[in-house]
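This report concerns only the one structure given below.
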Amino acid sequence: MQLLEEQQARLDAALRRSMVQALILLRNRNQLDPALLLPLLFKLFRVNDKQLRELLFRHIIADLKASNQRGRNERLNKTVQSFLYGVLADDNELAAKKSLAVLSELWRRHIWRDGRTVNCIASAVFHKSPAVMAAALKFFLGQDAAAADGDDSDDEDGDGEQGKTVVVAPTKEEVYKATQKGTKSSKRKKQAKLKRVMATLKKHARKEAALGSEGFAALHLLHDPQGFAEQLFGRLQGSRERWETRLDMMAVTSRVLGVHKLLLLNFYPFLQKYIAPHQRDVTAVLAALAQAVHELVPPEALAPVLRQLVDQFVHDSQCSVPQEPCGDGGGAQVFPGPGRGSGRRRRQR
């Protein structure tokens, strides 16, 4: 173990993997304490070796699952989680990303579903690496499975999962052929195939709905939601990241504000400058605005935003079709009564 810890980068790849496999074998036979072995395995994520990282990832998940199967092993969990705070702050992007993927997978499998896990992932939101930050944001948006697939997309030996099979809904023509054309035997085969496809589509829909709720469940366990929202918004204000990443930062900030009913009055004027008909992903910005509004927000803080919303999206009868519904819906979300009423009165004039 000392040799692996001190000379991990210099060892031959095959020898290094053999040594790790030997340690895993000893652990599987209860000859090694996991509290000693697991920190070493997390450190080995720094090594640029795809096969080794896959081996480490599988074993860590399996070992922690087995350790918590009959009852929560709090001593081991606290030891590993305390160590992971340091790993996620590591300058090494590979180690931080893989450790974050482990935490996300443990959460998804209901092995670690406590506040320490969530706050450990929350610390990764402020990592200096944009890739690590983006992966942590995806977790709180319920998209961590997709983020894990592209975990090592930056390096040459991408470490993601196997490609996912895309299931397409059957067309009207396929349904017609399955019910109206062919012999009885061929119809039965086609109808059985249609049932399998529809069952798969329903399964995917249920999975997507569950992933969306996972992010909200995690947000409830934040130890200091006000401090988290303020720090994330501060980074957003000075951020030069890709637009998609900044959009995720807006979405997570708005969710924290809405879930915990917090006040961050500078957030609404910040969103106001992105409320325009030709703004890229304007519907996502409007969704972030709607999520951040709750009954404790003073109306005077929202009045300029609502005015911007009405000015930009509610027009006379000659306005384009996509703009008017967007304005009506956004206004109804922020102010259900006045938003729709003012729009109707304006169109009548």
Of everything in the range 258-287, what is in a loop (DSSP other than H, G, I, E, B) and either of a type in the set (G, A, S) or within 13 Å of Q312 (Cβ to Cβ) (or both)? Give them in sequence order. K273, Y274, I275, A276, P277, H278, Q279
Which ones in the range 271-283 are surrounded by fewer than 16 Cβ atoms within 10 Å (Cβ to Cβ) and not polar (S, T, N, Q)? K273, A276, P277, H278, R280, D281
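Could you please find all residues in the range 119-167 being assigned to a helix (DSSP H, G or I), aliphatic (A, V, I, L, M) and at pLDDT 50 or above?
We begin by selecting, within the range 119-167, every residue assigned to a helix (DSSP H, G or I); these are 119-124, 130-140, 144-149.
Pick out the ones that are also aliphatic (A, V, I, L, M) and you get 121-122, 124, 131-137, 145-148.
Within the range 119-167, I121, A122, A124, A131, V132, M133, A134, A135, A136, L137 meet the criteria.
Identify, from the list S67, S18, the residue that is closer than 23 Å to A218 by Cα and small (G, A, S).
Values: S18 fails: closer than 23 Å to A218 by Cα.
Of the residues listed, the single one that is closer than 23 Å to A218 by Cα and small (G, A, S) is S67.
Checking the conditions here, which among V47, V125, V102 is crowded, with 17+ Cβ neighbours inside 10 Å and either of a type in the set (S, T, N, Q) or over 22 Å from the mean Cα position of the chain (by Cα) (or both)?
Details: V125 fails: either of a type in the set (S, T, N, Q) or over 22 Å from the mean Cα position of the chain (by Cα) (or both); V102 fails: either of a type in the set (S, T, N, Q) or over 22 Å from the mean Cα position of the chain (by Cα) (or both).
That would be V47, the only listed residue that is crowded, with 17+ Cβ neighbours inside 10 Å and either of a type in the set (S, T, N, Q) or over 22 Å from the mean Cα position of the chain (by Cα) (or both).
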Inside the range 8-44, the number of residues satisfying the requirement of being closer than 23 Å to D90 by Cβ, open to solvent by less than 60 Å² (accessible area, probe 1.4 Å) and part of a helix (DSSP H, G or I) is 17
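The values are calculated or read from the model by the stated rules, or taken from the named source; none is laboratory data. Remember, predicted model here, so these are calculated numbers, not experimental data. Cβ: placed from backbone, ideal geometry, glycine included. Neighbour counts: every protein chain shown. Note: accessible area is taken over every heavy atom of the protein model, side chains too, but ligands, DNA and RNA are not part of it. Shrake-Rupley method; radii C 1.70, N 1.55, O 1.52, S 1.80 Å.
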